[in-house]
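The values are calculated or read from the model by the stated rules, or taken from the named source; none is laboratory data. Remember, predicted model here, so these are calculated numbers, not experimental data. Quick reminder, even Gly has a Cβ in these numbers, built from the backbone with ideal geometry, and neighbours come from all protein chains shown.
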Amino acid sequence: MKKHTFIGPILLILIWAVVAKLQLVDRFFLPDPFTTIGKLFQLLASGAIIGDLIATLDRVVIAFIIALVIGLPLGLLLGRSEKIYRGVEFIIDFFRSTPASALFPLFLLVFGITDISKIAVAAFASMLIIIFNTAYGVMHAKKSRILAAQIMGATKTQIFRWILFWESLPQTFIGLRSAVSLSLVLIIVTEMFIGTTSGLGRKIIDSQITYEIPTMYATILLAGIVGYLLNLLFLVLEKRFLHWSAK
Amino acid sequence: MMHMSNTVISVQNLKKSFNNTEVFRDFSISVEQGKITAIFGPNGSGKSTLLNILSSIVTKDGGKFDIENFNHFEFSYIFQNYRESLLPWRTNFENVALPLEIQNRSKQEIRQRVEELQQLFEFKFDWKSYPYELSGGQQQILAFMRALVTKPKVLFIDEPFSALDYENNLRLREHLQKYFLTFKPTILLITHNIEEAVHLAEKIVVFSQRPTKVLEVIDNPLPYPRTIQLLKTEQFHQVKDKVLSVFQKATNL
């Protein structure tokens, strides 16, 4: 990381500290940053939040893996045949544009007040993003490379394995990165609903109801850090596996 | 008595238009086996289009063409935009190996073929690095090796040297000539440079402006191997001047 990376966060904490110090907002509703960060460390050290953190991560990872396992092959398949993709494009675009959180009550009806409905709604929305991006990656592959392989006498399967799949990867990775972020958002939101006993979303809503405001802020901060790290993880993977893209 | 040559590529009464621009109208040409034939002509005279039609990348509007015993595995085409046809996710070695992998050759055979070619080219690549780490000239050599690794019987080359500096240009010409003299494929070479055409080709076909006709086929009797030394001789300039005169006619310069 470059040293400039830290300018933004330091500035933000500084503004937060000043606002809290001057009591521009009621101290009860906005504890100063050091109290909040201290609270976060305390929650982590005492293990009080570890269970929630693991519960949330667990759901996010399962939702993401389901989305990946179904979405990636489907996206590759649809991208291979533009005709079929055009056929289902409307459905994908429609559900991709529908706020997935709006679907949650429906999922609750179908799957009941269980973990499954949370994971299902996150997996569903993430899957659409993965399908969409993967299919586009395949469809928008550079023609010159495909042509070169065709002239060499490559079969359709060879072209798919050795060219189209690789050509689609940069776009697929954009999809994966968006999908993991969306999974986290949806899991946290759905954890706030009735019938959940664990998770960062649960912790946030509980501490809000009981006016444990520093805990609420600390948990929000933790959720943010988790989101950031997940994003970072995918950027690192991208750099590692797609070293060749944009070159 | 005339020596009978083997025609390997023939084109008869070819027709092709793009939108309202007529490129070929009753265009005919024949290319002899085991020779380098250079195509030289004005901009927009359909040189690349001809190669693209012959390799079925572009469809014709009429007429007919034939490449004798055409087989994808014995045919190579080096595009003008060679950079975009290399695969950046494959190492240099895997790029050269691609056409052989397509032919389902064994790993051992692939390694052997690449080794052979490397000796012919007297060029040492870092095989484990990637094309984007190479200079433009090296990328072009890589594209050449990929095209030649299958030992094609017919080879199309579209302006292979245009992006190279003069030194690399001469080097690559020498490599190509060496390969040609070893394996004797039929080569169709598009070039914008008279020196290149006269250096390499036995036949130099000069195209007219659109709609394109073969203006003249110039025989180039200079003996192979044609050294750099030869480029400085009187005979070389005679052939060059002849091509230029025909080209002048083609372009009304």
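Remarks
- Residue match in region B:13-30 (condition: among the charged types (D, E, K, R), more than 26 Å from B:Val149 (Cβ to Cβ), away from chain A (no Cβ under 14 Å) and assigned to a loop (DSSP other than H, G, I, E, B)): no
- Of the listed requirements (1) assigned to a helix (DSSP H, G or I); (2) basic (Lys, Arg); (3) over 23 Å from the mean Cα position of the chain (by Cα), A:Arg27 misses just one: (1).
- Screening A:Leu221, A:Leu242 for residues that are touching a residue at least 12 places away in the same chain (Cβ under 8 Å), at negative phi, within 14 Å of chain B (Cβ to nearest Cβ) and among the aliphatic types (A, V, I, L, M) leaves exactly one candidate, A:Leu242.
- Considering only residues in region B:53-93 that are surrounded by fewer than 16 Cβ atoms within 10 Å (Cβ to Cβ) and closer than 19 Å to B:Gly136 by Cβ, the one that is nearest to the other protein chains (Cβ to nearest Cβ) turns out to be B:Glu84.
Listed here are the residues, each with its yes/no results for (1) farther than 18 Å from B:Val8 by Cβ; (2) among the aliphatic types (A, V, I, L, M).
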| position | (1), (2) |
| --- | --- |
| B:Gln140 | yes, no |
| B:Phe156 | no, no |
| B:Pro160 | yes, no |
| B:Ala197 | yes, yes |
| B:Phe207 | yes, no |
| B:Val214 | no, yes |
| B:Leu222 | yes, yes |
| B:His237 | yes, no |
| B:Asp241 | yes, no |
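- Taking the listed residues B:Glu159, B:Glu216, the one that is under 22 Å from B:Lys242 (Cα atoms), touching a residue at least 12 places away in the same chain (Cβ under 8 Å) and touching a Ser or Thr at 6+ places or on another chain (Cβ under 9 Å) is B:Glu159, with no other qualifying.
- In region A:157-212, the residues that are more than 14 Å from every other protein chain (Cβ to nearest Cβ), surrounded by 18 or more Cβ atoms within 10 Å (Cβ to Cβ), hydrophobic (A, V, I, L, M, F, W, C) and touching a Leu at 6+ places or on another chain (Cβ under 8 Å): A:Leu176, A:Ala179, A:Val180, A:Leu184, A:Ile188, A:Leu200
- Within region B:39-56, none of the residues are assigned to a strand (DSSP E or B) and without any contact (Cβ under 8 Å) to a residue 24 or more places away in the chain.
- Unmet requirement for A:Ile146, which otherwise passes all of (1) in contact (Cβ under 8 Å) with a residue 40 or more places away in the chain; (2) more than 21 Å from A:Ala125 (Cβ to Cβ): (1)
- Subset of region B:115-131 that is outside any helix (DSSP H, G or I) and within 24 Å of B:Phe183 (Cα to Cα) - its residue that is modelled with the lowest pLDDT: B:Phe123
- Restricting region B:128-177 to residues that are within 14 Å of chain A (Cβ to nearest Cβ), of a type in the set (Gly, Ala, Ser) and within 18 Å of A:Ala148 (Cβ to Cβ), the residue that is surrounded by the fewest Cβ atoms within 10 Å (Cβ to Cβ): B:Gly136
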